[in-house]
Amino acid sequence: MTYTAKTFNLPTLTGLSEKQIKVHLVLYEGYVKHVNLIMEKIKALKDADAEGNAYLISELRWRFAFEFDGMRMHELYFSQFEGRLTPLTTDGPLEKAIKEKYGEKGIEAHVREVAGTRGIGWVVVYADPNENTLHTVFVNDHEVGQLAGLPVLLALDLWEHAYMVDYVPAEKKNYIDAFFANLNWKVVEDRFNATK
């Protein structure tokens, strides 16, 4: 099995240059490349001498989570910009869940608050269908700290590679503004509706 980098139908984005998006997509493609490379290396090491290469194989398996989660988180991230800017459906199921969890302040204000956490990483909004609620968390490394088994609704990449061409680290807030200026809430709503 081999993974292939996805192509995304991205419009011209407000506040995120074409150059920034190209740089970020190349980084994503690197994750895909390394997922495949690790799988190939594990197979080759096992075929050559599984017992003698057990330590190397286990180290590659540790690294696999980093590459795989990096690949998937970026797929979630970029797909949120496909199509066009679409507002959240008023009184739809997701907005009702948002109001129940975050009140009138809403999810965007809450995501912005969590995104203000010092450091690099991701802000991830999850659906918890078992408890019929939402969770917003800051994940430092995409392979560590994810909420197990919960579907991702929204993924905001806060690693500097996501905005370093257009903004310096001190301008992270401007990048977050650009993220929300381009977010297709229909994609997020479709992810939420798929959990029902």
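Starting from 0.36 nm per residue, how many nanometres of slack lie between Lys105 and Thr89 once their C-alpha separation is accounted for? Walk me through the numbers before you get to the answer.
Working: separation 16, 0.36 × 16 = 5.76 nm, distance 1.62 nm.
Gain on stretching Lys105 to Thr89: 4.1 nm.
Among DSSP beta bridges lying fully in the chain, give the percent that are antiparallel, nearest 5. Walk me through the intermediate numbers first.
Numbers: 13 of 14 bridges.
DSSP beta bridges in the chain are roughly 95 percent antiparallel.
Among the listed pairs Lys6/Lys186; Lys22/Lys43; Lys105/Lys186; Lys19/Lys43; Lys22/Lys172, which have their C-alpha atoms separated by more than 26 angstrom in this model?
Values: Lys6/Lys186 20 Å; Lys22/Lys43 32 Å; Lys105/Lys186 20 Å; Lys19/Lys43 37 Å; Lys22/Lys172 19 Å.
Going by Cα-Cα distance, Lys22/Lys43; Lys19/Lys43 fall outside the 26 Å limit.
Report, to the nearest 10°, how far helix 18-49 tilts away from the longest principal axis of the Cα atoms in the chain, using its own Cα long axis and a range of 0 to 90°.
It works out to around 30 degrees.
Taking the Cα centre of the chain as origin, work out the dipole magnitude from +1 charges on Lys and Arg Cβ and -1 charges on Asp and Glu Cβ, in debye rounded to 20. Intermediate results must be reported in sequence, preceding the final value.
Values: 22 positive and 28 negative charges, 39 e Å.
For the chain, the charge dipole is close to 180 debye.
Using only the alpha-carbon atoms, what does the chain span along each of its principal axes? Please give whole angstrom values in decreasing order.
60, 41, 31
Among Asp69, Asp157, Asp190, what is the fewest-to-most ranking by other Cβ atoms within 10 Å?
Details: Asp69 19, Asp157 25, Asp190 13.
Listing Asp69, Asp157, Asp190 from fewest to most nearby Cβ atoms yields Asp190, Asp69, Asp157.
In nm, to one decimal, how far is the modelled label at Lys22 from the one at Tyr3, with both set 7 Å along Cα→Cβ?
2.5
Only loop residues by DSSP count here, and only those with at most 12 other Cβ atoms within 10 Å; note down the trypsin sites (Lys or Arg not before Pro) in region 1-88 that meet that.
Working: sites: Lys6, Lys19, Lys22, Lys33, Lys41, Lys43, Lys46, Arg61, Arg63, Arg72, Arg84; in loops: Lys6, Arg84.
Answer in residue order: Arg84.
Taking the beta-carbon count within 10 Å as an exposure proxy, list Ser79, Ser17, Ser58 from fewest neighbours to most. Numbers along the way, then the final one.
Numbers: Ser79 19, Ser17 14, Ser58 11.
Fewest-to-most ranking of Ser79, Ser17, Ser58: Ser58, Ser17, Ser79.
Hand me the GluC sites (Glu not before Pro) from region 1-99 located in a DSSP loop with no more than 11 other Cβ atoms within 10 Å, in residue order please. Write out the running numbers ahead of the final one.
Details: sites: Glu18, Glu29, Glu40, Glu51, Glu59, Glu67, Glu75, Glu82, Glu95; in loops: Glu51, Glu82.
Here the sparse-neighbourhood loop sites are Glu51.
If you average the alpha carbon positions of region 27-85 and of region 87-125, how far apart do those two centres end up, in angstrom?
30
If I fit a long axis through the Cα atoms of helix 54-79 and take the longest principal axis of the Cα atoms of the chain, what angle between them do I get, 0 to 90°, rounded to 10?
Relative to the chain, helix 54-79 is tipped by roughly 30 degrees.
For the chain, what's the relative contact order in percent, using C-alpha pairs closer than 8 Å and at least 6 residues apart?
Details: 241 pairs, mean separation 54.7, N = 196.
So the answer I get is 28 percent.
No value in this document is a laboratory result; all are computed from the given coordinates. It should be emphasised that the depicted structure is a prediction, and the values quoted were computed from it without experimental measurement. Please note: Cβ atoms are built from the backbone with ideal geometry, for glycine as well, and neighbour counts cover all protein chains shown.
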